[in-house]
Amino acid sequence: MPAAVTSSLSTLLTRVDAAIIDLDGTMVDTMGDFNEALNRMLRELELPSIAAQTIEHMVGKGSEHLLRSVLHHVLVQVNHASVATEIEALYPSAWASYQRHYLAINGQYAGVYDGVKAGLQVLQARGLRLACLTNKPRGFALPLLQSKDLDGYFEKVFGGDSFERKKPDPLPLLKTCEALGTDPARTLMVGDSSNDAQAARAAGCPVVLVTYGYNHGQPVRAVDADGFVDSLAQLT
């Protein structure tokens, strides 16, 4: 990483008291879990399978958005005439199936990105208070963090169902800052997508994005952020 970028990140870290870290695409590569659970669900519903590359563009806005996007994709594929009506008809059974399958395999097809634990240890060593904030349901997030030995780094863990709204709305960040007892201007958001950046900007939090996650198929470096890292270990 260029010296100027390293210097600016170091300066930024001296100005914060806490960090809020996203989960999917930031700490853990969960695409394998999504792919397995969604395709088990689709088989159960007797619908065509979906490719992991397609799923990747749908991840990040919560499970409800993900399921509706997947159903829309496969129903268009089989030329259903009234896709919107069919999605609403299928959604309750799809949701129940997806939850069951995801919980059964949660973490089994996922891996922690290189540098994540080193980065979290650096942030802890700086005395920063840490929270995990994800759009994934909290009931999925907690077991995943535990299975990857990441839960011990965080004082608070909040999911997409913890508050009335999800990222990119600023409410989850503001509520997380409130729970940590920190000022948003002194609370760093670390994520992988425009969702995280938009929420941070609206909440008044500085934001750094990783370059390897799921940004809806768009180049992450085009997103308005205070910095970019190729690994959380670069948060030094």
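The values are calculated or read from the model by the stated rules, or taken from the named source; none is laboratory data. Just so it is clear, the model here is predicted, and its values are computed rather than measured. Please note: Cβ atoms are built from the backbone with ideal geometry, for glycine as well, and neighbour counts cover all protein chains shown. All accessible areas refer to the heavy atoms of the entire protein, side chains included, with ligands and DNA or RNA removed. Shrake-Rupley method; radii C 1.70, N 1.55, O 1.52, S 1.80 Å.
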Compute the Cα gyration tensor for segment 112-152, then decide on rounded, prolate or oblate, letting a ≥ b ≥ c be the square roots of its eigenvalues: rounded whenever a/c is under 1.5, prolate when a/b is larger than b/c in the other cases, and oblate in all that remain.
prolate
Separation of alpha-carbon centers, segment 17-63 and segment 100-152, rounded to whole Å:
15
What's the lysine pair count for the chain at a Cα cut-off below 13 Å, pairs eight or more apart or interchain?
9
Based solely on its DSSP helices, what 222 nm [θ] is calculated for the chain when runs of n ≥ 4 H residues each add -39,500 (n - 2.57) and the sum is averaged over all residues, nearest 500 deg cm²/dmol?
-14500 deg cm²/dmol
Count the net charge of all other residues whose Cβ sits under 15 Å from the Cβ of E155, scoring Lys and Arg as +1 and Asp and Glu as -1.
+2
Give the peptides 83-89, 224-230 in descending order of average Cβ contacts within 10 Å, highest first.
224-230, 83-89
Specify which residue in the list A233, V207, F140 is farthest towards the positive end of the charge dipole of segment 127-236, using unit charges on the beta carbon of Lys, Arg (+1) and Asp, Glu (-1), about the Cα centre.
F140
Using only the alpha-carbon atoms of the chain, report the extent along each of the three principal axes, biggest first, to the nearest angstrom.
55, 33, 31
Integer Hz, Karplus 6.51/-1.76/1.60 couplings in order for segment 98-111, x for Gly and Pro
4, 4, 4, 5, 5, 5, 5, 10, 3, x, 5, 10, 10, x
Estimate the FRET efficiency between A52 and E178 by the formula 1/(1 + (r/R0)^6), using the beta-carbon distance for r and 45 Å for R0, to the nearest 0.05.
0.75
Solvent-accessible area per residue for the chain at a 1.4 Å probe radius, Å²?
42
What percentage of the solvent-accessible surface of the chain, computed with a 1.4 Å probe over protein heavy atoms, is contributed by carbon and sulfur atoms?
49
Between 0 and 90 degrees, rounded to the nearest ten: what's the tilt of helix 194-203 against the longest Cα principal axis of the chain?
50
Can you tell me the dipole magnitude for the chain around its Cα centre, using point charges on the Cβ only (Lys, Arg +1; Asp, Glu -1), in Debye to the nearest 20?
340
For the R165, T236 Cβ pair and Förster radius 30 Å, calculated FRET efficiency rounded to 0.05 is 0.35
To the nearest 10 Å², what's H73's accessible area with a 1.4 Å probe?
70
Reference-scaled alpha-carbon Rg (2.2 N^0.38 Å with N residues) for segment 1-71
1.62
Given a Förster distance of 35 angstrom, what is the FRET efficiency for D114 paired with E44, based on the Cβ-Cβ distance and rounded to 0.05?
0.50
Using only the Cα atoms of segment 42-98, build the gyration tensor, take square roots of its eigenvalues as a ≥ b ≥ c, and label the shape rounded, prolate or oblate: rounded if a/c is under 1.5, else prolate if a/b is larger than b/c, else oblate.
rounded
GluC sites (Glu not before Pro) lying in DSSP loop within segment 153-226, provided at most 13 other Cβ fall within 10 Å
E155, E164
Return the long-range amide H neighbours of V28 (sequence gap of 5 or more, or a different chain), with a cut-off of under 5 Å between placed amide H atoms.
Y113
Would you mind checking the tilt of helix 3-14 against the longest principal axis of the Cα atoms of the chain, expressed as 0 to 90 degrees and rounded to 10?
90
